[in-house]
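The values are calculated or read from the model by the stated rules, or taken from the named source; none is laboratory data. Remember, predicted model here, so these are calculated numbers, not experimental data. Cβ: placed from backbone, ideal geometry, glycine included. Neighbour counts: every protein chain shown. Side chains included, ligands, DNA and RNA excluded: accessible areas come from the protein's heavy atoms. Shrake-Rupley method; radii C 1.70, N 1.55, O 1.52, S 1.80 Å.
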Amino acid sequence: KENKPNKKLHFNTYYQIFEERFIFSDQNSYFRLTSEDAPIPIPISSDFCSVGPGVVKENIHNTFYTGDFAIVPATVPPDLLDLHDSLAIQLTQTTTSGGGFGNGLGIIHELDCSSGTMILIQADLEGFGQHLYRFYHLKFPGDSNWFIM
């Protein structure tokens, strides 16, 4: 049996967008905050002689975006035509604090300000029908902050 040191290092890491918040103004501008956690492996603190995973450090990154939004006719893929959705939210980004992977918006599937529910569909741009449904909610009636659920 041949031993190959450091052939495989155990870093059980994850990536998470744990908050996304939109604030839409009456002047068709928006503010978006995207908070991501992408841990960083710490080899010097890890014991690779044991069977446990390597040590990782939390790495929180907040990205702020501003810009304008518009409600536009939606380009609906053929497999979503039965939903009868016809409008989309389109963003034009003007500033960012840099980095980040915030979601664009997309087809408006449901928007109910009284219940504080917004469901948006980002069509699968590769054409495989694996569309992304994002559920947003208001924390309380009359709030202007839409949070991803």
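Do you know which of the residues in segment 47-86 that are charged (D, E, K, R) and open to solvent by 30 Å² or more (accessible area, probe 1.4 Å) is nearest to Glu36 (Cα to Cα)?
Only one residue tops the list, namely Glu58.
Taking Asp124 as meeting all but one of (1) surrounded by 11 or more Cβ atoms within 10 Å (Cβ to Cβ); (2) among the acidic types (Asp, Glu); (3) more than 17 Å from the chain's Cα centre (by Cα), write down the number of the exception.
The number of the failed condition is (3).
Output the number of residues of segment 128-144 satisfying the condition of being open to solvent by 30 Å² or more (accessible area, probe 1.4 Å) and either in contact with a Phe, Trp or Tyr (Cβ under 8 Å, 6 or more places away or on another chain) or not hydrophobic (A, V, I, L, M, F, W, C) (or both).
Going through segment 128-144, the residues open to solvent by 30 Å² or more (accessible area, probe 1.4 Å) turn out to be 128-133, 135, 137, 139-142, 144.
If we keep only those that are either in contact with a Phe, Trp or Tyr (Cβ under 8 Å, 6 or more places away or on another chain) or not hydrophobic (A, V, I, L, M, F, W, C) (or both) as well, we get 129-131, 133, 137, 139, 141-142, 144.
Count: 9.
Scan segment 53-81 and report the pairs whose first residue is closer than 18 Å to Asp124 by Cα and whose second residue is outside any loop (DSSP other than H, G, I, E, B) and open to solvent by 80 Å² or more (accessible area, probe 1.4 Å), with Cβ atoms within less than 8 Å and a gap of 6+ or a chain change.
Going by the 8 Å Cβ cut-off, the qualifying pairs are Pro73/Leu87; Ala74/Leu87.
Could you grab me the full set of residues in segment 92-105 that are within 25 Å of Pro141 (Cβ to Cβ) and at pLDDT 85 or above?
none
Can you find a residue that is surrounded by 14 or more Cβ atoms within 10 Å (Cβ to Cβ) and touching a residue at least 60 places away in the same chain (Cβ under 8 Å) anywhere in segment 108-119?
No.
Go through the residues of segment 5-15 one by one and say whether even a single one is within 30 Å of Asp85 (Cβ to Cβ) and at pLDDT below 90. Explain how you work it out, then say what you get.
Initially, segment 5-15 is screened for residues within 30 Å of Asp85 (Cβ to Cβ), giving 15.
So of that shortlist, the ones also at pLDDT below 90 come out as 15.
Among the residues of segment 5-15, at least one is within 30 Å of Asp85 (Cβ to Cβ) and at pLDDT below 90, which makes the answer yes.
Residues to consider are Asp68, Asp26; find the one that is on the phi < 0 side of the Ramachandran plot and modelled with pLDDT of 90 or more. Can you show your working first?
Details: Asp26 fails: modelled with pLDDT of 90 or more.
Residue meeting the stated conditions: Asp68.
Just need a number here: residues in segment 28-40 that are open to solvent by less than 60 Å² (accessible area, probe 1.4 Å) and part of a strand (DSSP E or B).
Pass one, segment 28-40, residues open to solvent by less than 60 Å² (accessible area, probe 1.4 Å): 29-30, 32-39.
Those still in the list that are part of a strand (DSSP E or B) too: 29-30, 32-37.
Result for segment 28-40: 8.
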